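Step one of this worksheet: look at the structure below.
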Amino acid sequence: MRNPAKTPPVFDPRTIDPNRVPTGLKVLIAASFMIAVGFGLVAPVLPNYAQNFNATVTMATMVVSALAITRLIFAPTAGRIITRWGERPVYTIGMLIVSVTSFMIAFAWDYWVLLGSRAVAGIGSVMFTVSAMGLLVRLSPAHMRGRISGYYATAFLLGNLLGPVIASALAPFGMRAPFIVYGFSLLAAGLIVWFLMPSQAALEAERDAITEAALLAEGKGTGVLPSEVDSPAGAQAGASGKAAKPAASGGVAGKSDLPAMTVRDALKFSNYRSALVSNWAIGWSVFGVQSSIIPLAAAYLATGGDMSDSVAATLLASLAMATNSFGNALTQTFSGRFSDRFGRRVMAFSGLLLAGSAVTVMGFAPVAWVFVSLTACLGIGAAFMGPSIQAAVSDVIGTRRSGGQVLAVYQMASDFGMILGPLVAGMIADAWGFVPAFIMSGLLLVAAAFTWAPFRKARWPKDIADADYTGR
């Protein structure tokens, strides 16, 4: 355990790179990649693994949905826990919970142990997800929030791409093996964050130095960090034009002394309201429908409804999902930077409109290459809107407040969509076919896009927002 009284390192805004990613966020991004690799390992296996316990299709679907349901139920509590105890300990405990439940799933002896373990995993999942979002919000320099959100999303996406490849290599060892590997990957990621994350004082000093360096590059900075303004050293530095050294500070990257932002205050920002609507639509149409209706529609298109041709069905479904992920990963490399440069609203609007249009017409695809091209457009649109919407929420919270509850409600919107989307779209597809299911799902994204439309002016309370908040 590190000495809590250790003096944090000195970061001079006059020499630090203004485009540098803070050390703590590099640790978080690395952990995100490891988590995603493990998730990619188990996602393709889980439904079939459930059927090994004589589960029906509906029972297997419940195992998949159990995690999202408990995430939704536990999200408000997770937000309160984070506000009280801080992000890092809650993140680590959440990882340990999911790690333990992964081992329990691997060695489950009946269906109910499998279902219960998956449900408990949802509690740990929402704990580390909301904690990670809180750290991203608090530690990201304001001028590069979109870029860092893009890096985080890209790491997770690349892990999701690598996971199925490793799962294929583990196939000879049986269906339990991926869950064992997932458990160890989560354990390793949790330990990385706990032991390699710098102290609270060092994290905030580095963030403030990078922010000030960016202001200096624009000719707006003073060379004095915000935390030093009220100190004698800071006042003297401001007068002399030299950067002051931070005082020794204790604490770890755990509990923050920052005041908590309430959901009521966040709802006064039009961008936060738009983010809730959009995240619900994304949960429904991007995460939910993408993992359920799109593979089924691809299989139907490949076989003409003759599902006995499993090779053709699997090939097109896999190609569609891979193309979607590739388009997303490729676009993520620059979408976050565009969000910082052109603003959150224009990127969110463009991404939602592109993704919604692609999903709306997907059911009309006459041939396989058109269908695959539309899934690529969906991936590109998701890459445009994802980092921008998350960065917009980060802007609302700012760096001087804790946002556990605000982020928990934001995450709940997506989880609620992920639960409803596959169920409702599946019922519509059973009753009337894939075309109306895709149209309804696509129009939800298009409707969400217009909450970010350029002709709609962002509104926010001046007495709550950060001084540099623009709402753009």
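Remark: residue 431 matches the filter, which requires a residue to be without any contact (Cβ under 8 Å) to a residue 24 or more places away in the chain and in a helix (DSSP H, G or I). Answer yes or no: is there a residue in the range 176-183 that is among the charged types (D, E, K, R), in a helix (DSSP H, G or I) and in contact (Cβ under 8 Å) with a residue 60 or more places away in the chain. Scanning the range 176-183, I find no residue that is among the charged types (D, E, K, R), in a helix (DSSP H, G or I) and in contact (Cβ under 8 Å) with a residue 60 or more places away in the chain, so the answer is no.
Checking each residue in the range 170-205 for being surrounded by 21 or more Cβ atoms within 10 Å (Cβ to Cβ), over 21 Å from the mean Cα position of the chain (by Cα) and aromatic (Phe, Trp, Tyr) picks out only 179.
Among the candidates 365, 448, 413, 358, single out the residue that is under 24 Å from residue 330 (Cβ atoms) and either within 17 Å of the chain's Cα centre (by Cα) or not in a helix (DSSP H, G or I) (or both).
Details: 448 fails: either within 17 Å of the chain's Cα centre (by Cα) or not in a helix (DSSP H, G or I) (or both); 413 fails: under 24 Å from residue 330 (Cβ atoms); 358 fails: either within 17 Å of the chain's Cα centre (by Cα) or not in a helix (DSSP H, G or I) (or both).
Of the residues listed, the single one that is under 24 Å from residue 330 (Cβ atoms) and either within 17 Å of the chain's Cα centre (by Cα) or not in a helix (DSSP H, G or I) (or both) is 365.
If you check residue 422 against the conditions, is it in contact (Cβ under 8 Å) with a residue 24 or more places away in the chain and surrounded by fewer than 20 Cβ atoms within 10 Å (Cβ to Cβ)? The answer is no for residue 422.
Here is a yes/no grid of residues against (1) in contact with a helix residue (DSSP H, G or I) (Cβ under 6 Å, 6 or more places away or on another chain); (2) at pLDDT below 80:
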| site | (1), (2) |
| --- | --- |
| 3 | no, yes |
| 16 | yes, yes |
| 21 | no, no |
| 24 | yes, no |
| 41 | yes, yes |
| 44 | yes, yes |
| 61 | no, yes |
| 84 | no, no |
| 97 | yes, no |
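Residues are listed down the side, and each one gets a yes or a no for (1) more than 19 Å from residue 200 (Cβ to Cβ); (2) touching a strand residue (DSSP E or B) at 6+ places or on another chain (Cβ under 7 Å); (3) without any contact (Cβ under 8 Å) to a residue 60 or more places away in the chain:
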site: 91; (1), (2), (3): no, no, no
site: 99; (1), (2), (3): yes, no, no
site: 119; (1), (2), (3): yes, no, yes
site: 123; (1), (2), (3): yes, no, yes
site: 186; (1), (2), (3): yes, no, no
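Just checking, does the range 135-154 include any residue being in contact with a Phe, Trp or Tyr (Cβ under 7 Å, 6 or more places away or on another chain) and surrounded by fewer than 24 Cβ atoms within 10 Å (Cβ to Cβ)? No, the conditions are met nowhere in the range 135-154.
Go through the range 70-109 residue by residue and tally those that are part of a loop (DSSP other than H, G, I, E, B) and under 14 Å from residue 402 (Cβ atoms).
Of the range 70-109, the ones part of a loop (DSSP other than H, G, I, E, B) are 86, 107-109.
Add one more test, that the residue is under 14 Å from residue 402 (Cβ atoms), and what stays is 86.
Selection size over the range 70-109: 1.
Which of the residues belonging to the range 202-235 are part of a helix (DSSP H, G or I) and modelled with pLDDT under 60?
Here is the first cut: in the range 202-235, the ones part of a helix (DSSP H, G or I) are 202-217, 226-228, 232-235.
Result: 226, 227, 228, 232, 233, 234, 235.
The values are calculated or read from the model by the stated rules, or taken from the named source; none is laboratory data. The structure presented is a predicted model; accordingly, all values stated were derived computationally and were not measured. No Cβ is skipped: glycine too gets one built from the backbone with ideal geometry, and neighbour counts run over all protein chains shown.
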